[in-house]
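Everything on this sheet refers to the single structure shown next.
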Amino acid sequence: MNETVDQLLTGPPLGASEGELVDWISRLEEIKCVAEAVQAEAAVRLDEAVRARQAEAGVPARKLGEGVASQIALARRVSPAKGAKLLGLAKILVAEMPHTFALMRAGLFSQWQATILARETACLSVEDRRVIDYQLCALGLDGEPPAVVVMGLRQLENAAKKLAITLDQESVVAQAANAEKDRRVSLRPAPDTMTWLGALLPVKDGVAVFAALDQAAKAAQAAGDERSRGQVMADTLVDRVTGRATVEDGAGPRVEVKIVMTADTLANDTDQPAMVEGYGPVPVTWAREALSDAEVFVRRLYADPAGQLIAMESRSRKAPDSLAEFITTRDGGICRTNGCDAPIRNIDHAQRHADGGTTSGANLQGLCERCNQAKEALGWQARPGPDGSIITITPTGHTYLSPPPETWQPDPPPLSRAEFTLRDVLLDHDLAA
């Protein structure tokens, strides 16, 4: 193994083909993930060794472990605060999230992906966190990697949020209520005499502010404004906050926030998480409360026996008026390219008309501008795959399968008491193994 790593670290040989270079990049990414897992394991063992040594020396219990985070920070060339976070993550992975840790050891999961799962399950009990770890990160019976290894970071975050809400909605709501106390505005410098102005806000407020700025940008561009979308949004934010431009009460455009939930959830028959466009899953109690405050879009998805999404029924104050909006809603508002979390900007064919493609839901996908431009480059191919997936082939011949978005699948029925018992038995058996 050392020899293989040493050989890889010398770099690809001169004259390597495009395909070989891609293979080098992929292999080195695997090594990075493995290295992060080994670093986490070493951090935990260092913490244990230091605590044992300090205990033998008579250090008070409340001070055991002091200095470990700083050692890790120095070794990894990061701040002490970052070192403490890395140590905390390492302890969680080794003790409470064995399947996530196993994916890292296999080179399939990065430290940041693991951080997202740990963060989104922080409010749960250890038992519920292990359930999410098992459901998202356990290998298949045939050793097949789970779907999370090809999810973008936002998709991964949303998947963890939905499971956390399903398992313990009260804890998620309680954590959110407590987090609301931390709302704030921050300012930090950026290059070229610019600044980063940020605001930590409750989801309903943050999404509403962004939606208002986005709506202003669309209106300006429709009127022929030559500024970019981002420039209009930034200028509008400054104008409205500083009072440079004022609008009479009721005269401004109405801000719309989309909340996507099933009809059964809307009718209080189930408690499946709702989706807030531009944010992700939220407890359905929030969504129901927002019905009186926001413009709401409720969708029902219909699938055929093979799981293909075939239609959408709208119950909304603002109904979708095009196939493009249908595709955007179906794809969750996030680019279909593996690992890309950018918002959808273009609706494009997976397979061109010249290649036998048609303009239909099955052959359309939502893409960001960068990914849509990339697939137009020489040598790129794409086509619909089985069960709503998209197959992309790069110029080097590497094939990537983009699985269908979560919205294509019907909401699962709630677990019965017997199923909860069986789940706990299987989880205990898996952890014991």
* Structure fact -> Reported set for region 68-93 where residues are surrounded by fewer than 17 Cβ atoms within 10 Å (Cβ to Cβ), in a helix (DSSP H, G or I) and of a type outside the set (D, E, K, R) is Ser70, Gln71, Leu74, Ala75, Pro80, Ala81, Ala84, Gly88
* Within region 169-176, identify whether any single residue is farther than 28 Å from Gln272 by Cβ, of a type in the set (A, V, I, L, M, F, W, C) and out of contact with any strand residue (DSSP E or B) (no Cβ under 6 Å at 6 or more places or on another chain), and answer yes or no. => no
* Structure fact -> Being loosely packed, with under 13 Cβ neighbours inside 10 Å and modelled with pLDDT under 90 narrows Arg244, Arg240 down to just Arg244
* Asked: Taking the condition part of a helix (DSSP H, G or I), exposed (fewer than 11 other Cβ atoms within 10 Å of the Cβ) and either touching an Asp or Glu at 6+ places or on another chain (Cβ under 8 Å) or not assigned by TED's automatic domain parsing to the domain that holds Trp286 (or both), does Gly230 pass?
  -> yes
* Asked: Of all residues in region 90-115, which are among the aliphatic types (A, V, I, L, M) and closer than 20 Å to Ile25 by Cβ?
  -> Leu103, Met104, Ala106, Leu108
* To do: Pairs only if they're at least six apart or on different chains, beta carbon under 6 angstrom, first in region 72-90 and under 19 Å from Arg119 (Cα atoms), second among the β-branched types (Val, Ile, Thr) and modelled with pLDDT of 90 or more; list them, first residue then second.
  => Gly83/Ile72; Leu86/Ile72; Leu87/Ile72; Leu89/Thr115; Ala90/Val44
* Structure fact -> Taking region 176-195 and keeping residues within 30 Å of Val126 (Cβ to Cβ), surrounded by fewer than 10 Cβ atoms within 10 Å (Cβ to Cβ) and free of Cβ contacts under 8 Å to residues at least 12 places away in the same chain leaves Lys181
* **Search result, residues across region 10-38 that are under 30 Å from Gln71 (Cα atoms) and either in contact (Cβ under 8 Å) with a residue 60 or more places away in the chain or out of contact with any helix residue (DSSP H, G or I) (no Cβ under 7 Å at 6 or more places or on another chain) (or both)** => Thr10, Glu29, Glu30, Ile31, Lys32, Cys33, Val34, Ala35, Glu36, Ala37, Val38
* Asked: Do we find a residue being in contact (Cβ under 8 Å) with a residue 24 or more places away in the chain and of a type in the set (A, V, I, L, M, F, W, C) anywhere in region 48-65?
  -> no
* Being loosely packed, with under 12 Cβ neighbours inside 10 Å and either part of a loop (DSSP other than H, G, I, E, B) or of a type in the set (D, E, K, R) (or both), is that true of even one residue in region 156-175? -> yes
* Would you say Asp142 is in a loop (DSSP other than H, G, I, E, B), more than 18 Å from the chain's Cα centre (by Cα) and charged (D, E, K, R)? -> yes
* Could you list, in sequence order, all residues of region 371-381 that are among the hydrophobic types (A, V, I, L, M, F, W, C) and either more than 17 Å from Ala342 (Cβ to Cβ) or touching a Pro at 6+ places or on another chain (Cβ under 8 Å) (or both)? => Ala377, Leu378, Trp380
* **Scan of region 33-60 for residues that are in a helix (DSSP H, G or I) and of a type in the set (Gly, Ala, Ser), ordered by number** => Ala35, Ala37, Ala40, Ala42, Ala43, Ala49, Ala52, Ala55
* Structure fact -> Expected single match for surrounded by fewer than 13 Cβ atoms within 10 Å (Cβ to Cβ), at pLDDT 95 or above and of a type outside the set (D, E, K, R) among Val38, Val34 is Val38
* Which of the residues belonging to region 389-405 are closer than 16 Å to Asn363 by Cα, without any contact (Cβ under 8 Å) to a residue 60 or more places away in the chain and among the hydroxyl-bearing types (Ser, Thr, Tyr)? -> Ser389, Thr392
* Flag if Gly143 is of a type outside the set (Lys, Arg) and more than 25 Å from Ala274 (Cα to Cα) -> yes
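The values are calculated or read from the model by the stated rules, or taken from the named source; none is laboratory data. Treat the numbers as computed from the prediction; the structure is a model and nothing was measured. Neighbour counts are summed over all protein chains in view; Cβ atoms, including those assigned to glycine, are modelled from backbone coordinates with ideal geometry.
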